[in-house]
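A.B. asks: One structure follows; several queries about it will come next.
The values are calculated or read from the model by the stated rules, or taken from the named source; none is laboratory data. Predicted model, so just to flag it, every value in this text is computed and none were measured. As a convention, Cβ positions derive from the backbone with ideal geometry for all residues, glycine included, and neighbour counts pool all protein chains shown. With ligands, DNA and RNA removed, areas are computed over all heavy atoms of the protein, side chains included. Shrake-Rupley method; radii C 1.70, N 1.55, O 1.52, S 1.80 Å.
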Amino acid sequence: MIKNDFFNTLDFMTLPSAGGVVSEYGDLALYDNIGDNLEQRIDFSNDPATLSIISSSYPYKITFTLVIVCLGGTMSARLNLADYELGKNDVLIVTPGMIGECVMFSRDCRIAMMAFSQENMFAGMNVSCMVAISSYVARNAKVRIADADMEDFLDIYMALRKKISEKDYAYKKELIAGYMQVLCCNAGQIVRSIMSQNEIPDRSTGVADRSARLYDAFISEVSRHYADERSVAYYAGKLCISPKYLSRVVASVSGRRPVDWIRDYVVLEAKALLKSGKYTVQQVADILHFPNQSFFGTYFKKATGISPMAYKEA
């Protein structure tokens, strides 16, 4: 797997403070365009620092947890090649290691974002609650919540933002931990409610469920090994099935061949490396374990229609 230091990554400690509220403890940052009045909307185009978080000309590897809450309008994002459309009451959870980019942000879009470092933010949280959230997020990056749940979130978010901004509050660290505990408990309850609604088995979808699980396992393996392994046979072996069966299942679930998913992961990483400005085409070929620059160039051009150098300089 490629190390983060190969990337022009988006790190928590390098998040812009302009336009946002950042805890002095280095574990939480809040960004939004809703102003002090929930009916207001601040134009992010007037704030290049904050705009850089949600919009980029090329993908970033994100090294922290980012929760994006859409309060109105629409936006679309791409995470690890999957496209997500967000509208009112939609929440998108970006976990560390994901490669993401903002594809579209409507002029009337209102959002609130919470960025967490992974050091101490979730220490002391209820374990069963955190496990429930983690297991759900692993399969569902996006969730739509009810109006009442959104109202609860906004009440806590606005109070948290206000307290972080206060300079002389003596117990701010403990207060932030308390607010985060409430937010996590609320999130855990939402997840439990969603999962309980899906507990009734549907025998007619048994085969489909097995195929979906196999597809998820395939994508999980690809996300870990695409930099080193590009053959369908390798992933079929990891899953203890034949390449032919894997191809059939992946195509039935996603409408795409396994080789297409593998290629897209490789190309996405290559694009981020090329645009980082840190590496030559040869170095990118080496990082991605291509036998030589020529082979990498052919692979990249076949997938994108342009050469690596042309993409790098565009």
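A.B. asks: Out of region 301-314, which residues are closer than 16 Å to Y58 by Cα and either within 27 Å of the chain's Cα centre (by Cα) or open to solvent by 60 Å² or more (accessible area, probe 1.4 Å) (or both)?
C.D. replies: Selection gives T304, I306, P308, M309, Y311, K312, E313, A314.
A.B. asks: Which condition breaks for V182 when tested against (1) more than 30 Å from D260 (Cβ to Cβ); (2) modelled with pLDDT under 90; (3) open to solvent by 40 Å² or more (accessible area, probe 1.4 Å)?
C.D. replies: (2)
Residue-by-condition table, conditions (1) open to solvent by 50 Å² or more (accessible area, probe 1.4 Å); (2) closer than 29 Å to G97 by Cα; (3) modelled with pLDDT of 90 or more; (4) of a type in the set (K, R):
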residue: F153; (1), (2), (3), (4): no, yes, yes, no
residue: L160; (1), (2), (3), (4): no, yes, yes, no
residue: D168; (1), (2), (3), (4): yes, no, no, no
residue: R213; (1), (2), (3), (4): yes, yes, no, yes
residue: I219; (1), (2), (3), (4): no, yes, no, no
residue: D228; (1), (2), (3), (4): yes, yes, yes, no
residue: C240; (1), (2), (3), (4): yes, yes, yes, no
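A.B. asks: Being among the polar types (S, T, N, Q) and either open to solvent by 70 Å² or more (accessible area, probe 1.4 Å) or in a loop (DSSP other than H, G, I, E, B) (or both) is the filter here, so list the residues in region 135-151 that pass it.
C.D. replies: N140
A.B. asks: Return the residues of region 165-184 that are closer than 18 Å to I68 by Cα and among the hydrophobic types (A, V, I, L, M, F, W, C); say none if nothing qualifies.
C.D. replies: Hits for region 165-184 are M180, V182, L183, C184.
A.B. asks: I would also like to ask the following. I'd like to check which strands (runs of 3 or more DSSP E) are fully inside region 53-121 and have at least 1 residues that are surrounded by fewer than 18 Cβ atoms within 10 Å (Cβ to Cβ) and modelled with pLDDT of 90 or more.
C.D. replies: Counting at least 1 such residues, we get 65-72, 75-79, 82-86.
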